[in-house]
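Engineer: My questions will all concern the structure given below.
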Amino acid sequence: PDSLAMPAVITQFFPELSVYGLSLQKGAIGGVLSLEGGYYDSREDRKGTDPFTPNSETRFLMGYQRQVIEDFTVGVQYSSEYMHKYSEYKKYLVPGFPKDPVYKQLASLRLTYFLMNQNLRFSWFSFYGITDRDYLLNPEVKYNFTDNVWGSLGANIFGGRKNTTQFGSLDKNDNMYVQVRYEL
């Protein structure tokens, strides 16, 4: 019938992008400190007026990793993204599309503990979206049976606001996995 409209179709494309940045890493406070910065130059829409082309961004990452006790390592990271031409982005945003924030912040935590001559590894990796208040949790246990055969058991657990955040939109995709691998 005439009253039914065809659903909108969105075609993804990959606009031209140039990235300029720097990375520094140095021993500090008994561990390793990492700093990275970058400018993502959206060459096809430097004015920020095309709602289907991402605006240019400045990104920053800071990380720190340290072995706290023998065979136990803790790593933390903080990253932020700043969207340029945000007023233009808001002005040209397609009605009904979710609005991205001008600043986006994300933190991660990695814990790694080895036992049994480093043949058994317990690990925890998690992302927390500070801006979006969403998360990804990834616990894993890995065992090296031989130098060539190992197996692991883990899970991916997502949470946050449904359908509006990076990890929250994956909330129904929680999963467990078992992996066995032979390597030469």
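The values are calculated or read from the model by the stated rules, or taken from the named source; none is laboratory data. Bear in mind that the values here come from a model prediction, so they are computed numbers and not experimental data. Backbone-built Cβ (ideal geometry, glycine too); neighbour counts: all protein chains shown. To get the accessible areas, we keep the full protein, side chains included, count just its heavy atoms, and leave off ligands, DNA and RNA. Shrake-Rupley method; radii C 1.70, N 1.55, O 1.52, S 1.80 Å.
Engineer: Where is the GNM fluctuation largest for the chain (alpha-carbon springs, 10 angstrom cutoff): 11, 73, 165?
Structural biologist: 11
Engineer: On a full-extension model of 0.36 nm per residue, what is the gain between residue 130 and residue 9, subtracting their alpha-carbon distance, rounded to one decimal in nm?
Structural biologist: Gain on extension, residue 130 to residue 9, equals 40.4 nm.
Engineer: While we're looking at this one, here's another question. Given the DSSP H assignment, sum -39500 (n - 2.57) over each helix run of at least 4 residues in the chain and divide by its residue total; what's the result at 222 nm in deg cm²/dmol, nearest 500?
Structural biologist: Rounded to the nearest 500, it is -1000 deg cm²/dmol.
Engineer: Considering only DSSP states other than H, G, I, E and B, which trypsin sites (Lys or Arg not before Pro) in the stretch 106-181 qualify as loop sites with at most 16 other Cβ atoms within 10 Å?
Structural biologist: Those satisfying the criteria are 133, 161, 162.
Engineer: Compute the Rg/Rh shape ratio of the chain: radius of gyration over Kirkwood radius, all on alpha-carbon atoms.
Structural biologist: Rg/Rh: 1.07.
Engineer: Only sites in a loop by DSSP and with at most 14 other Cβ atoms within 10 Å count here; which GluC sites (Glu not before Pro) in the stretch 35-75 make the cut?
Structural biologist: For GluC sites (Glu not before Pro) across the stretch 35-75 that sit outside H, G, I, E and B with at most 14 neighbouring Cβ atoms in 10 Å, the list reads 44, 70.
Engineer: Considering the chain as a Gaussian network with a 10 Å cut-off on Cα pairs, which listed residue, 95, 51, 15, attains the greatest mean-square fluctuation?
Structural biologist: Ranking 95, 51, 15 by mean-square fluctuation puts 95 first.
Engineer: What accessible area per residue comes out for the chain, rounded to a whole number of Å², with a 1.4 Å probe?
Structural biologist: 71
Engineer: Leaving out ligands, DNA and RNA, what percent of the accessible area of the chain is carbon and sulfur, probe 1.4 Å?
Structural biologist: The C+S portion of the solvent-accessible surface of the chain is 57 percent.
Engineer: Further question: Cross-link list 47/162; 91/172; 47/104; 142/162; 26/162: which exceed 28 angstrom alpha carbon to alpha carbon?
Structural biologist: Distance filter (> 28 Å) returns 47/162; 91/172; 142/162; 26/162.
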